[in-house]
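One structure is given here, and the rest of the page talks about it.
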Amino acid sequence: MKKIGILGGGQLGRMLLQSAINYPVETYLMENDATAPAAHLCHHFTKGDITQFDAVYAFGKGLDAITIEIENVNLEALEQLAAEGVKVYPHPTALKIIKDKVKQKLFYQTHQIPTSEFVVTESTADLQQHLAFLPAVHKIGNGGYDGKGVQILKQASDFEKGFDTPSVLEKMVDIKQEIAIIIAVGNTGQTAIYPPVDMVFDPSLNLLSYQICPAQIPEKVFWKAEAIAINVVKKLNSPGVFAVEMFTDVHGNVLVNEIAPRVHNSGHHTIEGNFSSQFDMLWRIMLDYPLGNTANISPTALVNLLGDEGYSGPAQYEGLNDVLNMDNVFVHLYGKKETKPGRKMGHVTIMSHEKQELLHKVNQIKHSLFVRSA
Ligand code: ADP
């Protein structure tokens, strides 16, 4: 049986392990927190720091393959493991590009992938030279996630909010829609593409509020987005599962915002909504089986369950029975003991062929299910 390791034990690792039980695979997981959402679901748990060379190297040595559920892992150890024959998903060369938003933007530029105009800044002092670039979005090169590490700079007085470390300053795009496409790449370069997802963000938290699949986009935009997403992922030259996040504007342009080289929040609906989920797909790739069927079984909507404002402490789920009483609605709680405002605590997937029903249930769920603390 193949031995496959996962770096990180959050909800992505948890859902990945839920899919693993269908296959002949021995699972290993490393994570600092022994109570993390995925920790108890693997065959072999190692408590360790995924950002440390020695810990990652020792964990990966002897495994057949290793994957990540977060980009902030020790890249050098993965490079070493890959050199020694451990299969790494995504390949460290792809991870290296994506991990750093500066490298990622330069990669798009080199390969003529449509993306927002940008300049690279080394410090906040650099920002003064780019007044003409405003309004803009400043993004930290390393370590940002879920909107942390992103600042909107409208005028020179906002420069103090910028990052004093290598970052990208992007021209503000007049976004019409944010869409994402999940793409699977097999070991010999074969690809499978999922239907696009419409992502609707919560402006105050900068976090995904809900998403609809398939995205409501004009056919021309759809073809463009698919072509761009496939092209950029192929250029990364790595097997794995990738989420390509894109912006569309009022003129029908499609720009790549960023890529996640792993299973992603924009693909959680695929658990119920598609014949082969993004998690199932990654096991097929890592175990060298044929790619799965990416077609939708039904249109879906997905609501993230975020820790409610004003509550921190042991998590309690209010209104859970109401949602569990709804037809064709699937609740996923991530098993995090502690809630805090905006923390991703779970998600709910809704299936229906009626768009109105999807939106109606999104609203019902957002107004009836809360993660709070006593
Ligand atoms: P993160 O990786 O932290 O999610 P993103 O790069 O996806 O950061 O940016 C977070 C959000 O900020 C995006 O979903 C989008 O709404 C907004 N945003 C990012 N870049 C731009 C841009 N160039 N123009 C306008 N809005 C942007």
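The values are calculated or read from the model by the stated rules, or taken from the named source; none is laboratory data. The model shown is predicted, which means the values in this text are computed figures rather than measured ones. Ideal geometry is used to build each Cβ from the backbone, glycine not excepted, and the neighbour counts take in all protein chains shown.
When both residues are 6+ apart or on different chains and their Cβ atoms are under 6 Å apart, which pairs have a first residue that lies in the range 316-329 and is closer than 17 Å to Leu302 by Cβ, and a second that is part of a helix (DSSP H, G or I)?
Val323/Ile365
What number of residues within the range 122-159 satisfy the criterion of being crowded, with 17+ Cβ neighbours inside 10 Å and away from the ligand (no atom under 14 Å from the Cβ)?
Going through the range 122-159 one residue at a time, the tally reaches 3.
Taking the range 130-157 as the region of interest, how many residues are in a loop (DSSP other than H, G, I, E, B), of a type outside the set (Gly, Ala, Ser) and within 16 Å of Ile98 (Cβ to Cβ)? Explain how you work it out, then say what you get.
Step one: of the range 130-157, the residues in a loop (DSSP other than H, G, I, E, B) are 134-135, 141-144, 146-147, 149, 154-155.
Filter once more, keeping what is of a type outside the set (Gly, Ala, Ser): 134-135, 142, 146, 154-155.
With the extra rule that they be within 16 Å of Ile98 (Cβ to Cβ), the set shrinks to 142, 146.
So the answer is 2.
Applying the selection to the range 197-206, what residues are more than 11 Å from the ligand (Cβ to nearest atom), more than 25 Å from Met286 (Cβ to Cβ) and of a type outside the set (Asp, Glu)?
Scanning the range 197-206 gives a single hit, Ser204.
Would you check if Ile98 is among the β-branched types (Val, Ile, Thr), within 16 Å of the ligand (Cβ to nearest atom) and either part of a loop (DSSP other than H, G, I, E, B) or under 23 Å from Tyr28 (Cα atoms) (or both)?
Numbers: among the β-branched types (Val, Ile, Thr): yes; within 16 Å of the ligand (Cβ to nearest atom): yes; either part of a loop (DSSP other than H, G, I, E, B) or under 23 Å from Tyr28 (Cα atoms) (or both): no.
So Ile98 fails the test.
For the range 266-276, check the following and say yes or no: at least one residue is within 16 Å of the ligand (Cβ to nearest atom), over 20 Å from the mean Cα position of the chain (by Cα), not hydroxyl-bearing (Ser, Thr, Tyr) and not in a strand (DSSP E or B). Steps first, answer last, please.
Initially, the range 266-276 is screened for residues within 16 Å of the ligand (Cβ to nearest atom), giving 266-268.
Now drop any that are not over 20 Å from the mean Cα position of the chain (by Cα), which leaves none.
No, the conditions are met nowhere in the range 266-276.
Does the range 297-353 hold any residues that are acidic (Asp, Glu) and touching a Ser or Thr at 6+ places or on another chain (Cβ under 8 Å), and which are they? Outline the logic, then answer.
Step one: filter the range 297-353 for residues acidic (Asp, Glu), giving 308-309, 318, 322, 327, 338.
Scanning the range 297-353 gives Asp308, Asp322, Glu338.
I'd like to know if the range 227-248 contains one or more residues that are at pLDDT 95 or above, among the aromatic types (Phe, Trp, Tyr) and crowded, with 23+ Cβ neighbours inside 10 Å.
Of the range 227-248, the ones at pLDDT 95 or above are 227-248.
Pick out the ones that are also among the aromatic types (Phe, Trp, Tyr) and you get 242, 247.
Then drop every residue that is not crowded, with 23+ Cβ neighbours inside 10 Å, which leaves 242.
Yes: the range 227-248 contains one or more residues that are at pLDDT 95 or above, among the aromatic types (Phe, Trp, Tyr) and crowded, with 23+ Cβ neighbours inside 10 Å.
Among the listed residues Thr35, Thr67, Thr93, identify the single one that is polar (S, T, N, Q), buried (at least 20 other Cβ atoms within 10 Å of the Cβ) and in contact (Cβ under 8 Å) with a residue 40 or more places away in the chain. Walk me through how you get there before you give the answer.
Values: Thr35 fails: buried (at least 20 other Cβ atoms within 10 Å of the Cβ); Thr93 fails: buried (at least 20 other Cβ atoms within 10 Å of the Cβ).
So the residue among Thr35, Thr67, Thr93 that is polar (S, T, N, Q), buried (at least 20 other Cβ atoms within 10 Å of the Cβ) and in contact (Cβ under 8 Å) with a residue 40 or more places away in the chain is Thr67.
Consider the range 241-265. How many of its residues are part of a strand (DSSP E or B) and in contact with a helix residue (DSSP H, G or I) (Cβ under 8 Å, 6 or more places away or on another chain)? Walk me through how you get there before you give the answer.
As a first pass, look at the range 241-265 and keep what is part of a strand (DSSP E or B): 241-249, 254-260.
From what's left, in contact with a helix residue (DSSP H, G or I) (Cβ under 8 Å, 6 or more places away or on another chain): 241-246, 248, 254, 256, 258-260.
Count: 12.
Going by the conditions given, is Phe118 touching a strand residue (DSSP E or B) at 6+ places or on another chain (Cβ under 8 Å) and either at pLDDT 95 or above or away from the ligand (no atom under 15 Å from the Cβ) (or both)?
On the way: touching a strand residue (DSSP E or B) at 6+ places or on another chain (Cβ under 8 Å): yes; either at pLDDT 95 or above or away from the ligand (no atom under 15 Å from the Cβ) (or both): yes.
Spelling it out, Phe118 is indeed touching a strand residue (DSSP E or B) at 6+ places or on another chain (Cβ under 8 Å) and either at pLDDT 95 or above or away from the ligand (no atom under 15 Å from the Cβ) (or both).
Please go through the range 182-224 and give me each residue that is buried (at least 23 other Cβ atoms within 10 Å of the Cβ), farther than 20 Å from His353 by Cα and either in contact with a Pro (Cβ under 8 Å, 6 or more places away or on another chain) or at pLDDT below 95 (or both), ordered by number.
Scanning the range 182-224 gives Val185, Leu208.
I'd like to check something: does the range 259-274 contain any residue that is hydrophobic (A, V, I, L, M, F, W, C) and under 26 Å from Met172 (Cα atoms)?
Step one: of the range 259-274, the residues hydrophobic (A, V, I, L, M, F, W, C) are 259-260, 263, 271.
Still in the list and also under 26 Å from Met172 (Cα atoms): 259-260.
Within the range 259-274 (the criterion being hydrophobic (A, V, I, L, M, F, W, C) and under 26 Å from Met172 (Cα atoms)), the answer is yes, since at least one residue qualifies.
Just checking, does the range 160-172 include any residue being β-branched (Val, Ile, Thr) and within 12 Å of the ligand (Cβ to nearest atom)?
Applying the first criterion (β-branched (Val, Ile, Thr)) to the range 160-172 yields 165, 168.
Applying the additional criterion that residues be within 12 Å of the ligand (Cβ to nearest atom) yields 168.
Yes: one or more hits.
Of Gly346, Gly335, Gly319, which residue is in contact with a Phe, Trp or Tyr (Cβ under 9 Å, 6 or more places away or on another chain), under 17 Å from Met15 (Cβ atoms) and of a type in the set (Gly, Ala, Ser)? Even if it seems obvious, please write down each step before you answer.
Numbers: Gly335 fails: in contact with a Phe, Trp or Tyr (Cβ under 9 Å, 6 or more places away or on another chain); Gly319 fails: under 17 Å from Met15 (Cβ atoms).
Being in contact with a Phe, Trp or Tyr (Cβ under 9 Å, 6 or more places away or on another chain), under 17 Å from Met15 (Cβ atoms) and of a type in the set (Gly, Ala, Ser) holds for just one of Gly346, Gly335, Gly319, which is Gly346.
Taking Leu41, is it under 12 Å from Glu69 (Cβ atoms) and either surrounded by 15 or more Cβ atoms within 10 Å (Cβ to Cβ) or among the charged types (D, E, K, R) (or both)? Give the steps one after another, and end with the answer.
Values: under 12 Å from Glu69 (Cβ atoms): no; either surrounded by 15 or more Cβ atoms within 10 Å (Cβ to Cβ) or among the charged types (D, E, K, R) (or both): yes.
So Leu41 does not fit the description; no.
Out of (1) under 24 Å from the mean Cα position of the chain (by Cα); (2) not in a loop (DSSP other than H, G, I, E, B), what's the single condition that is false for Gln80?
With (1) under 24 Å from the mean Cα position of the chain (by Cα); (2) not in a loop (DSSP other than H, G, I, E, B) applied to Gln80, the lone miss is (1).
State all residues of the range 173-192 that are away from the ligand (no atom under 12 Å from the Cβ) and either assigned to a helix (DSSP H, G or I) or touching a residue at least 12 places away in the same chain (Cβ under 8 Å) (or both); if no residue qualifies, say none.
At the first step, the residues of the range 173-192 found to be away from the ligand (no atom under 12 Å from the Cβ) are 181-192.
Matches in the range 173-192: Ile181, Ile182, Ile183, Ala184, Val185, Gly186, Asn187, Gly189, Gln190, Thr191, Ala192.
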